[in-house]
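Inspection log for the structure reproduced underneath, given as structure tokens.
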Amino acid sequence: MAESAAVEFRIDRRSGVATYLQIVQQTKQALRLGVLEPGDRLPTAREVVEATAINPNTVLKAYRELEREGLVEARRGLGTFVRRTLGGAAGASAADSPLRTELADWARRARSAGLEKDDVGALFTAVLESTYESARGDGPYGGPYGGGPYEGAYEGAHGEGTSEGTRGTTTPPSTTHQGDQDR
């Protein structure tokens, strides 16, 4: 059985996302990236409270939600342990993949091009949604933005991110935070 996993929760009180949902989302992200694996123990509620200064009931609510989803299990007197991972093929860690390296390079280029973090998030979300909607064949041109103003708006001649001549020419889709819909 693995010891306590090296996962630290970061709470953004200004995000508009409920605190317990931030813990759930960060845990799921760690599962997708291979940071957490089956058998790993999540930090105790006390450890999370000490690190984040949030109410212990908030941590317990998050852990109950993860348990309800079948991702973790509480073992009386021992802690909360990961039951299964999320994401791609078993053994293939997204954290170490060449795609992560390419995405990190793209994010650095976007930042050097003058895009703010929220701009990059909106652009990435638009492209992600367009790509996955296109794969399902939704929308009039294969996706909600298929062939529309978002496709290639920030791409250069070779698909490299650039904002030259295009920055500000398109409006990204709504940047509503996930938690805004839960209020």
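Taking the conditions (1) at pLDDT 95 or above; (2) within 16 Å of A6 (Cα to Cα) in turn, Y63 satisfies each one other than (2).
When region 25-60 is examined, which residues are found to be more than 16 Å from A6 (Cβ to Cβ) and of a type in the set (A, V, I, L, M)? Listed by number, the residues that qualify are A45, V49, A53, I54, V59, L60.
Quick one: which residue in G139, G143, G165, G77 is at pLDDT 50 or above and either out of contact with any strand residue (DSSP E or B) (no Cβ under 7 Å at 6 or more places or on another chain) or open to solvent by 70 Å² or more (accessible area, probe 1.4 Å) (or both)?
G77
Residues of region 28-57 that are in contact (Cβ under 8 Å) with a residue 24 or more places away in the chain, of a type in the set (S, T, N, Q) and within 18 Å of R75 (Cα to Cα): T44 alone.
Which count do you get for residues in region 20-48 that are in a helix (DSSP H, G or I) and open to solvent by 40 Å² or more (accessible area, probe 1.4 Å)?
Qualifying residue count, region 20-48: 9.
Among the residues examined, V82 qualifies as open to solvent by less than 90 Å² (accessible area, probe 1.4 Å), more than 25 Å from R13 (Cα to Cα) and at pLDDT 95 or above.
The values are calculated or read from the model by the stated rules, or taken from the named source; none is laboratory data. Small disclaimer: the values here were computed from a predicted structure and weren't measured. Cβ atoms come from the backbone with ideal geometry, glycine included; neighbour counts cover every protein chain shown. Ligands, DNA and RNA are stripped out before the accessible areas are found, and what is left, the full protein with its side chains, is counted by its heavy atoms. Shrake-Rupley method; radii C 1.70, N 1.55, O 1.52, S 1.80 Å.
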